[in-house]
Amino acid sequence: MKALHVLIAAALLWVAQPPCAMAEDIMGDLPSKDGAEAGKPVGEKNGKPGKGENSPKCAGLVNMSNGLVLPAGKYSLSLKHVFVHKDNLYDGQEKKTGNYNGKYERTDHITTLTAKAGLFDNFEARVQVPWYNREQKQKSGNPPSHFATVHNEGLGDIIAMGRYALLNQRLGDPFSLAVGAGLSIPTGDTDKRSPQGGAGSHPYMGPNFQLGTGTWDPKFELGATKILGRSRFDFHTMYTISGDGPHGSRAGNVFKYDFGYGYALNKYFDVELEVNGIDHESCRHDHESTLNTGGHFVFITPGVHWKITESSRLALGVPINVYRNMRGETRTPDRASQYGLYEDYRIVTSLSFQF
C-alpha cells in the first residue's frame, strides 16, 4: 500500500502544473460547444483565442471517473455495460487446474444508467441505477462434477452521490480537483437461495452473487483531471464501507484507484489507456469469513471513443487483468479446497449524452 500512496501523491503533484489553454469547456465526460461561465472559452485572453484553441479535445475515459464537475444547469446521461466471464481458479497469483467442489464458472452482465446534474456552482449530483444478469455454475460430489447452474437477475443497489469542485481548470485553475460522498442504497434483492444438495451448506448464495448488500454503504471519492491540448490525464479513487447484511453476510470494504490517459486523434475519435486497481476485502457468508473471496486486482485498459456529436459519445474498453492476488486455501482431499474465481479480461461499452 505504501507504493500505492506514492503513486497517488505523484499523480496529484504532476497535474498541478501551470494551466494549458483550452479551446472548449470540458464538462463531465464530454466536450461541449459552450464556453466558460464568463461567456468565453477558457484560454481566451483579452478577447483573443488562446494557444491550441482549434485543436480537438479528448472527451473522457471509459472505465473510470475523473475530477470534473458539471456546471450549474448542465445535465448528462450515460448507459454503461460491463461483460465479465470468470472461468479460472487462483490461490494468490497461482492458477489452479484441479477438480474442486464449488463454483467453477461465472458470467456477469452489468448494465448501469447514470444521470448527473449540475445543481449549482461547483457542485453536481449523480444517481446510478444498476441492473444485473448473473449466472454461476457449481460442482459437487466425489469426484466433483457439474451440479447446478444458478441465475440471478434484477435491480441492484442504487447509488446516490454528490461531488464538489475544489479546483476547476475550466475557470482558470491549474487542474480540476473534486471530492465526493454518497451512499449505496439497499434496493437490490439479497434472498437468492443456494441449490439444494450442493457442495456448500449455506442456505443463501454468497453476498457477491446477490443483487445487493442489504445495507446502506457509505462511499467517498477523490478525482483529478488535467487537460493539455489534445491530451487528458485523469486520476480517481473511491472507498466503499460495507455493513453487516442479511443472513450473516458482509460484502467487504472496497478501495478502487485509477490512472488514465486519453488523446484526441481528431474531431471524431479518441484513444486511451488506463490502469485500474481494486482492493477488495474478503466477504462474510453465513457469519463466517469466506477465504476464496476478495483480493487485489490490477487491470490495464486500452479503449477507443467515437465522438458522435459535440454532446454524445460511444466508447469501448477492454480491461485486461495483469495482476491478481486471490485468497484461497488448500485442503485435503483436494476437492475440499477453496480457491478464488476470476477473469482474464472484461469488456466495457458506454453511450453518453450531455444536455
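Please specify each residue of region 76-99 satisfying the condition of being open to solvent by 50 Å² or more (accessible area, probe 1.4 Å) and touching a Lys or Arg at 6+ places or on another chain (Cβ under 9 Å).
LEU77, PHE83, HIS85, ASP87, GLN93, ASN99
Out of all the residues in region 302-342, which are among the hydrophobic types (A, V, I, L, M, F, W, C), more than 20 Å from the chain's Cα centre (by Cα) and either within 30 Å of THR97 (Cα to Cα) or crowded, with 20+ Cβ neighbours inside 10 Å (or both)?
ALA336
Would you check if there is a residue in region 192-207 being more than 30 Å from LEU119 (Cβ to Cβ), modelled with pLDDT under 95 and within 19 Å of the chain's Cα centre (by Cα)?
yes
Looking at region 260-297, which of its residues are touching a strand residue (DSSP E or B) at 6+ places or on another chain (Cβ under 6 Å), more than 29 Å from ARG230 (Cα to Cα) and polar (S, T, N, Q)?
Those that are touching a strand residue (DSSP E or B) at 6+ places or on another chain (Cβ under 6 Å), more than 29 Å from ARG230 (Cα to Cα) and polar (S, T, N, Q): SER282, ASN292.
Identify, please: which residue in region 288-301 is assigned to a strand (DSSP E or B) and among the polar types (S, T, N, Q) and is, among those, least open to solvent (accessible area, probe 1.4 Å)?
THR301
Name the pairs: first residue in region 120-135 and at positive phi and in contact (Cβ under 8 Å) with a residue 40 or more places away in the chain, second residue part of a strand (DSSP E or B) and open to solvent by less than 50 Å² (accessible area, probe 1.4 Å), Cβ to Cβ under 6 Å, at least 6 apart or on different chains?
Every condition considered, the pairs that remain are ASN122/ALA165.
The values are calculated or read from the model by the stated rules, or taken from the named source; none is laboratory data. Remember, it's a predicted structure, so these values are computed and weren't measured experimentally. Cβ atoms come from the backbone with ideal geometry, glycine included; neighbour counts cover every protein chain shown. Calculation scope for accessible area: heavy atoms of the full protein, side chains included, ligands and nucleic acids excluded. Shrake-Rupley method; radii C 1.70, N 1.55, O 1.52, S 1.80 Å.
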